[in-house]
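Taken together, the values in this text are just the output of simple stated rules run on the coordinates, not laboratory data. Keep in mind that this is a model prediction, so the values were computed, not measured. As a convention, Cβ positions derive from the backbone with ideal geometry for all residues, glycine included, and neighbour counts pool all protein chains shown.
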Amino acid sequence: MSASVSPHAVESAWPQSKEQQAAYRRFQAMGLPTQRDEEWRYAPTDEIGAAVTSLLADPVSSMRDVSVDIDSALAAALPDVPVDSGRALVLVNGRLADSGFSGNGWTVSDNGVAVGGDTTAMAALNAACNARTIALTVDGNSEPLHIVHVVTAQRPTLASPRLHVTVPANVSANVVEHLVQLEADAPTVVNAAVWISLQSGAALRWHRLQCLGNSTLSVYETNATLESEATMDWFSLDTGAALARNHMRIALQGEFARADLSGVYLSADQQVIDNRLAIRHAQANASSSQEYAGIAGGESRAIFQGKVRVDEGADGTKAKQRNRNLLMSDTAKVYTKPELEIYADEVECAHGATTGQIDPDALFYLLARGIHATHAKRMLVDAFVAASLAPVNDTPLAATIQQRLADKLAQLQPDVSP
Amino acid sequence: MPLLSIKDLHVSVGSTPILKGLSLDVDAGEVHAVMGPNGSGKSTLSHVLAGKPGYKVDSGTVSYDGQDLLDLEPDERARAGVFLAFQYPVEIPGVNNAYLLRAALNAARTTRGEEEIDAVGFMKLVRDKCALMQMDQQFLTRSVNEGFSGGEKKRNEVLQMAVLEPRLCLLDETDSGLDIDALKVVAEGINTLRSTERAMLMVTHYQRLLSYVEPDVVHVLADGVIQTSGGKELALKLEAEGYDWVRRESAA
């Protein structure tokens, strides 16, 4: 099916509405991120700044709608995951495409007003680029929702998806989100802003697979709020993009809320993958965990900044944070910064970070048993990522994730010396 | 032709020479023991034969089954039938014992042009070998050597050897860290593997293991060369008199 994208597209002038203009002024006031900002310390902010500035020099062109055949785009971008266009919410360059999405328990509207105040320049820019927010909600009998971000850069492109997902009280929902790219030729920035609202007792499982083109810069902000007894199980796999910056803010606003986050990220060549997580325990007896594993080869940079804040009075908090990194070359760099900020008295918090190479003794042991070098290394890498992959082992995505890992590791393998 | 033939082998670590012209032949069907004091180069010998990185072969040759052993990568050596039972078996969290064993067995089989073993055949084989080593099968589902006691680790080494059926077994201080019961089990496992097709080279500091696994030949390694060789009575003499007399004789 061929579809052109939403009627809210940029036609002539930009920013259009008063709200967008106000957001643009906020963006200008806050300014593009620089490495002087603590939260952007290790990222190539100059590159982001230059790319955004260049795209904003001709905003009408860089945000122009494109027409894409959805079925063939899905087949091309996700050859390894059969996604039925009728069951997928497809965004082309950030704008909702008419894919004939039929709901299956999900209700979508793009009439939603902007949510929340944007606290970062990039989120303000996202607001300036969107007249509306795509709002999603779900009932108790939903099927897993595929959200597919298709980026196609036939010309320099600024894609600004803006989503608000609400899971009502005591409803369970599953989301699988893909970020994929059809052509990677023209300079592309993806600047996403996603809000997740989990009402009391809501349960959300969200698995996100990012495999954007290798010249694309992606800045992806997620803001989740969890009311009492709400739970969120989050998994992300990052293998693509020149820069993938994932900034998650999670507020545990109700007692006994739980957020378990895990992620695996692999960077090659000159890639930069930057995970920034901030979890705030605002109420008592909530729990959270972070289990992130990074593998960096080539001259890439893998960054993890994880912060847990426990507010005064949030007694009974349980928070765990772990980031482990595997260096696959002498020139790759890893930055890891786990942080705890605790203002309550009775809490159980733990954090840890490690960075190392494949253990040469373990590798020799496997070789001495006759296992081929590539297989032996793969066994050790699998063992390394096992804890982070545990939450997705028994899901339909498991095979896809394994394949993506294998493909990316094959790219990293030449950098490994036995 | 001997299965293993080492000629005038010189090996150093960094700038320190460790083996200084070691020569040794082992025929198929024979069990040789290499004994020697600490620091004599015993472990270096077994490591070099298995291809462990960190050792530099300065000169000399090692032929195994007609091939230049030193020319092969460590995994190629293993698939060609060389097995090193480690003095300190490595713990590998997250890699399951059964998976390692099956991958190792299949790598060897496909190299020999045989079909991979199926799951049922593999489980039967491993069950039998576990019984031989008096090991609980739950070991198989645990991570390689993780949390194993010293004795369990050594038994696991011999279990792997029993499953892989190598042609040349290098046993590096396999008796160290074993209590007497575990020593008997390990020795029995080794004895079961003695065959006319297979050679064994046991590197050991003490005579203890040799009471249970009787060697055909005993070599005394000191200062990087074989000082003297003899029958199993040589091991008893070493146990009774220590190593000093060997050095005195060779100096004389």
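A few remarks follow.
- For segment A:152-309, the Kirkwood estimate of the hydrodynamic radius, built from every pair of different alpha carbons, is 16.0 Å.
- Taking the DSSP bridge list for chain B and keeping only pairs wholly inside it, about 55 percent are antiparallel.
- Within segment A:74-98, backbone nitrogen closer than 17 Å to the virtual label 7 Å beyond the Cα of A:Ser17 toward Cβ: A:95-96
- Less than 5 angstrom separates the built amide H of A:Ala319 from those of A:Ser288, A:Glu348, A:Cys349, A:Ala350, all sequence-distant by 5 or more or on a different chain.
- Each Lys and Arg adds +1 at its Cβ and each Asp and Glu adds -1 at its Cβ; summed about the Cα centre, segment A:301-409 shows a dipole of about 700 debye.
- Bridge type composition, the protein assembly as shown - antiparallel percent by DSSP, nearest 5: 20 percent
- Kirkwood hydrodynamic radius over Cα pairs of the protein assembly as shown, then Stokes diffusion coefficient at 25 °C and 0.890 mPa s, in µm²/s: 86 µm²/s
- Two-decimal Rg/Rh across segment A:186-244, once Rg and the Kirkwood Rh are taken from alpha-carbon atoms: 1.10
- Per-selection Kirkwood Rh - segment A:286-418 (Cα, Å, 1 d.p.): 16.6 Å
- On the basis of the beta-carbon distance and an R0 of 56 Å, A:Asn393 and A:Ala57 show a calculated FRET efficiency of 0.75.
- Neighbouring Cβ atoms from other chains, within 10 Å of the Cβ of residues in B:53-61, number 1 on average.
- Considering helices alone, the calculated mean residue ellipticity of chain B at 222 nm is -11500 deg cm²/dmol, with DSSP H runs of length four and up weighted by -39500 (n - 2.57) and normalised per residue.
- In terms of its Cα atoms, chain B spans 61, 39, 35 Å along the principal axes, sorted from long to short.
- Calculated FRET efficiency for the pair B:Glu241/A:Ala406, C-beta based, R₀ 41 Å, to 0.05: 0.10
- Hydrodynamic radius of segment A:139-180 by the Kirkwood approach over all distinct alpha-carbon pairs: 12.6 Å.
- Environment charge at A:Ile147 (Cβ cut-off 14 Å; Lys +1, Arg +1, Asp -1, Glu -1): +1
- Shielding of B:77-83 by partner chains, average beta-carbon count, 10 Å: 3
- Percent breakdown of C-alpha pair distances by 10 Å bin, ordered from the shortest bin, for segment B:129-252: 12, 40, 30, 14, 4, 0
- Mean silhouette area of segment A:17-147, derived from the convex hull of its C-alpha atoms and averaged over all directions, reads 10.2 nm².
- Segment A:79-181 - Rg over Rh from alpha carbon coordinates, Kirkwood radius: 0.97
- Compactness index (Cα Rg / 2.2 N^0.38 Å), segment B:119-177: 1.13
- Highest mean packing comes first when the peptides A:89-98, A:389-398 are listed by Cβ atoms within 10 Å, giving A:89-98, A:389-398.
- Phi angles across segment A:283-297 convert, under the Karplus curve 6.51 cos²θ - 1.76 cosθ + 1.60 with θ = phi - 60°, into 3J(HN,Hα) values of 10, 5, 6, 8, 9, 8, 9, 10, 9, 10, 10, x, 10, 10, x Hz, Gly and Pro given as x.
- Here the spin labels are modelled as points 7 Å beyond Cα on the Cα-Cβ line, and at B:Arg109 and A:His375 they lie 1.1 nm apart.
- Residues with amide H under 5 Å from that of A:Leu340, placed H, sequence gap 5 or more: A:Val308
- Amide H to amide H, with H built 1.01 Å from N, A:Thr188 comes under 5 Å of A:Thr157, A:Leu217, counting only residues 5 or more places away or on other chains.
- Per the Debye calculation on segment A:108-243 with a single equal scatterer at every Cα and no solvent contribution, log₁₀ I(q)/I(0) for q = 0.21 Å⁻¹ amounts to -1.31.
- 222 nm mean residue ellipticity, helices alone, for chain A (DSSP H n ≥ 4; -39,500 (n - 2.57); rounded to 500): -6000 deg cm²/dmol
- Set of aspartates and glutamates near A:Lys333 by C-alpha distance (under 17 Å), chain-local residues within fewer than 8 positions excluded: A:Asp238, A:Asp269, A:Asp274, A:Glu299, A:Asp415
- Note on A:Lys318: lysines with a C-alpha under 19 Å away, same-chain residues under 8 apart excluded, are A:Lys307.
- The protein assembly as shown - charge dipole about Cα centre, Lys and Arg +1 at Cβ, Asp and Glu -1, debye rounded to 20: 580 debye
- Across segment B:137-153, rounded Karplus estimates of 3J(HN,Hα) from the backbone phi angles (6.51 cos²θ - 1.76 cosθ + 1.60, θ = phi - 60°) give 5, 5, 4, 5, 8, 8, 5, 3, 6, 6, x, 6, 6, x, x, 5, 4 Hz, Gly and Pro being marked x.
- Dipole magnitude of segment A:177-255 about its Cα centre (Cβ charges: Lys, Arg +1; Asp, Glu -1), debye to nearest 20: 120 debye
- Cα-derived Rg to Rh of segment B:1-109, Kirkwood definition: 0.98
- Sequentially through segment A:376-393, phi angles give Karplus couplings (6.51, -1.76, 1.60; θ = phi - 60°) of 4, 5, 4, 4, 6, 5, 4, 5, 5, 8, 3, 5, 6, 8, 3, x, 10, 3 Hz, Gly and Pro residues having no value and appearing as x.
- 29 Å Cα-Cα threshold exceeded, pairs from B:Lys184/B:Lys237; B:Lys20/B:Lys129; A:Lys377/B:Lys153; B:Lys184/B:Lys232: B:Lys20/B:Lys129
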